[in-house]
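Below: the structure, in structure tokens.
Laboratory data are not the source of any read-out in this text; all were calculated from the coordinates shown. From a predicted model like this one, the values you see are computed outputs, not experimental measurements. Reconstructed Cβ throughout: ideal geometry from the backbone, glycine too, with neighbour counts over all protein chains shown.
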Amino acid sequence: MMRVLLLLLITTTLGACSMDQMLVRASKPLIEGGIHALNQETDLQLAENSIPTNLNMLEGMIRIDPENTSLRVYAAQAYYGLGYGFNEDNRPVRAMSFYLRGLKHGLHALAINGYSNIRNCSMEELETMLKKTDDDDIGALFWAASNWAKWIDQNRDKSESLIELPKATALMQRVLELDDTFYYGGAHIYFGVFYGGRSPMFGGDFKKSEAHFDRAREITHGDLLVADLLQAQYLSRQKMDREDFHKRLTKIIEAPEDLYPDLALLNQIAKRKAVMLLKEEERWF
């Protein structure tokens with residue numbers, strides 16, 4: 001009888017300790033529903049106001065369940081969106097801090113799955129680790145790499161930051177190998193910028209860049225405007241092709257508001273950024 005009572009006591013105690021974690025894990029459909037609703041939002045101000053509240057909620061849930069990879073990936077995605085969509089153009093220092101937070105969550109998610117010390121390991125060690133990753137790791141790989149590359153770009157005047165780019169690129173290359181359609185062909189957009197944002201003298205490759213942007217458009221049937229936005233911003237500008245630059249950005253601005261309902265927010269962000277880039281046309285060309 002004493003053994004039974006002791007067993008019941010231990011079970012009850014363990015249950016009480018994990019109850020909050022059980023509630024957090026049970027809320028996953030609500031989180032995913034919230035992300036889907038946010039992606040469909042067309043009012044940029046409303047979206048910008050809502051993201052911090054959702055992030056605070058996510059951070060609170062992560063405190064309760066710190067080894068939850070899904071929560072870490074959601075947070076990495078949210079910090080990237082807040083940095084790129086609402087801060088990078090006019091508050092770059094703030095955007096940089098968001099990218100760094102997103103990177104930390106993405107790397108933590110990878111560490112939970114057994115891939116730790118990525119920022120400090122050698123490239124050889126990283127390549128060995130990446131060979132072991134599978135589809136379960138793809139979200140963490142993608143958002144870690146996305147935040148990492150943006151953080152590096154915001155620190156491009158610092159050599160100690162630039163030397164980390166090969167690691168971020170290795171993570172995104174693994175995404176490409178696992179599933180090149182993940183997050184609407186986002187890895188192809190990454191490499192479109194990677195090869196198109198530099199002259200061939202410094203490692204750029206305009207043909208590869210264009211091929212990656214074309215593949216991203218193929219995956220989304222041309223409905224995700226950010227592919228054209230970034231092609232204009234990086235490849236067209238690097239090639240000094242003013243006609244293509246102007247044509248792509250004008251096409252974005254004139255695109256229907258309901259072009260891609262599931263990613264209406266990202267398309268609205270692309271439209272706003274296209275207007276800003278067109279204002280630089282005279283100065284750049």
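Give me 143, 284, 151 ranked fewest to most by other Cβ atoms within 10 Å of their Cβ, as a rough exposure proxy.
Numbers: 143 30, 284 12, 151 23.
The fewest-first ordering by Cβ neighbours comes to 284, 151, 143.
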>> Please enumerate, by chain and number, the aspartates and glutamates with C-alpha under 20 Å from the C-alpha of residue 207, excluding those fewer than 8 residues away in the same chain.
In response: 177, 180, 218, 228, 241, 243, 244
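What is the diffusion coefficient of segment 26-178 in µm²/s, taking the Kirkwood radius over Cα pairs and the Stokes-Einstein relation at 25 °C with a viscosity of 0.890 mPa s?
Roughly 154 µm²/s, to the nearest whole number.
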> Count the lysine pairs in segment 26-178 that are 8 or more places apart or on different chains: how many have C-alpha atoms under 23 angstrom apart?
Replying inline: 11
>> Net charge around residue 121, counting only other residues with Cβ within less than 13 Å of its Cβ (Lys, Arg = +1; Asp, Glu = -1)?
In response: -2
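Can you show me the helix-derived [θ] at 222 nm for the chain, built from DSSP H runs with n ≥ 4 at -39,500 (n - 2.57) apiece and divided by the number of residues, rounded to the nearest 500.
Here the helix-only value at 222 nm equals -23500 deg cm²/dmol.
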> How many angstrom lie between the C-alpha centres of segment 40-108 and segment 139-203?
Replying inline: 19
>> For a Förster distance of 22 Å, can you work out the FRET efficiency between the beta-carbons of residue 283 and residue 90, rounded to the nearest 0.05?
In response: 0.80
> Which value in nm describes the separation of the simple spin-label points at residue 18 and residue 246, placed 7 Å from the Cα toward the beta carbon?
Replying inline: 6.5
>> Kirkwood Rh over alpha-carbon pairs of segment 180-285, then Stokes-Einstein at 4 °C and 1.567 mPa s: what D in µm² s⁻¹, rounded to an integer?
In response: 95
